[in-house]
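Beneath this line is the structure, given in structure tokens, with notes to follow.
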Amino acid sequence: MKYRSISEAAAKLSIPETTIRYYEKKGLLPLIERDEAGRRLFSEKQMALLETVICLKNTHMPLSDIKQYMDWIMEGASTIPLRLEMMNAHKQAVLAEISLMTEALKGIDDKIARYTNESSMERMD
């Protein structure tokens, strides 16, 4: 089995090593293996879990919810209905945020158009 060091994992996922250490400290990365010197080792399964944590964090899921999700993963298949319910609820929250951001973007585009028009009018004077 191939393992990555923390620096390799961080580089692959374009995140700082400190972020990985923080996630582990918060209990979001269960079962991180270590070598004889105590250095973290990341298997493909652990990399997949880390990618999941990053995905959920990037979509603004609170760390406490991510922790709960990871705890359910560790508990096994009996928690699949709970995980499914959590993911469905999170998806709805993400869709609502996307909708809100899309509306806000329209307002920004309106300002850009206004300032572009005003700028071109000044050049004509």
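Descriptive notes on the structure:
- Which listed residue, of Glu97, Glu85, Glu118, is farther than 25 Å from Arg21 by Cβ, at pLDDT below 95 and in a helix (DSSP H, G or I): Glu118
- Inspection of segment 8-18 finds no residue satisfying the criterion of being part of a strand (DSSP E or B) and on the phi < 0 side of the Ramachandran plot.
- Those residues of segment 20-41 which are more than 23 Å from Met61 (Cα to Cα) and either among the hydrophobic types (A, V, I, L, M, F, W, C) or out of contact with any strand residue (DSSP E or B) (no Cβ under 7 Å at 6 or more places or on another chain) (or both), in sequence order: Glu36, Ala37, Gly38, Leu41
- Residue within segment 20-36 that is of a type in the set (Phe, Trp, Tyr) and open to solvent by 90 Å² or more (accessible area, probe 1.4 Å) present: yes
- Residue within segment 95-107 that is within 22 Å of Val53 (Cβ to Cβ), open to solvent by 70 Å² or more (accessible area, probe 1.4 Å) and over 19 Å from the mean Cα position of the chain (by Cα) present: no
- Selected residue (criterion: modelled with the lowest pLDDT) from residues of segment 1-48 that are over 20 Å from Met70 (Cβ atoms) and among the hydrophobic types (A, V, I, L, M, F, W, C): Met1
- Selection over segment 37-58 of residues that are open to solvent by 30 Å² or more (accessible area, probe 1.4 Å) and of a type in the set (S, T, N, Q) gives a count of 2.
- Answer from Met70, Met61 - the residue that is without any contact (Cβ under 8 Å) to a residue 40 or more places away in the chain and either closer than 30 Å to Arg4 by Cα or open to solvent by 90 Å² or more (accessible area, probe 1.4 Å) (or both): Met61
- Between Leu28, Leu56, the distinction of being touching a His at 6+ places or on another chain (Cβ under 9 Å) and either under 27 Å from Ser5 (Cα atoms) or free of Cβ contacts under 8 Å to residues at least 12 places away in the same chain (or both) belongs to Leu56 only.
- The set of residues in segment 73-87 being farther than 23 Å from Leu50 by Cβ and exposed (fewer than 10 other Cβ atoms within 10 Å of the Cβ) consists of Ser78 alone.
The values are calculated or read from the model by the stated rules, or taken from the named source; none is laboratory data. Just so it is clear, the structure is predicted and the values come from calculations on it, not from any experiment. Don't worry about glycine lacking a Cβ; one is built from the backbone with ideal geometry, like all the others, and counts go over all protein chains shown. To get the accessible areas, we keep the full protein, side chains included, count just its heavy atoms, and leave off ligands, DNA and RNA. Shrake-Rupley method; radii C 1.70, N 1.55, O 1.52, S 1.80 Å.
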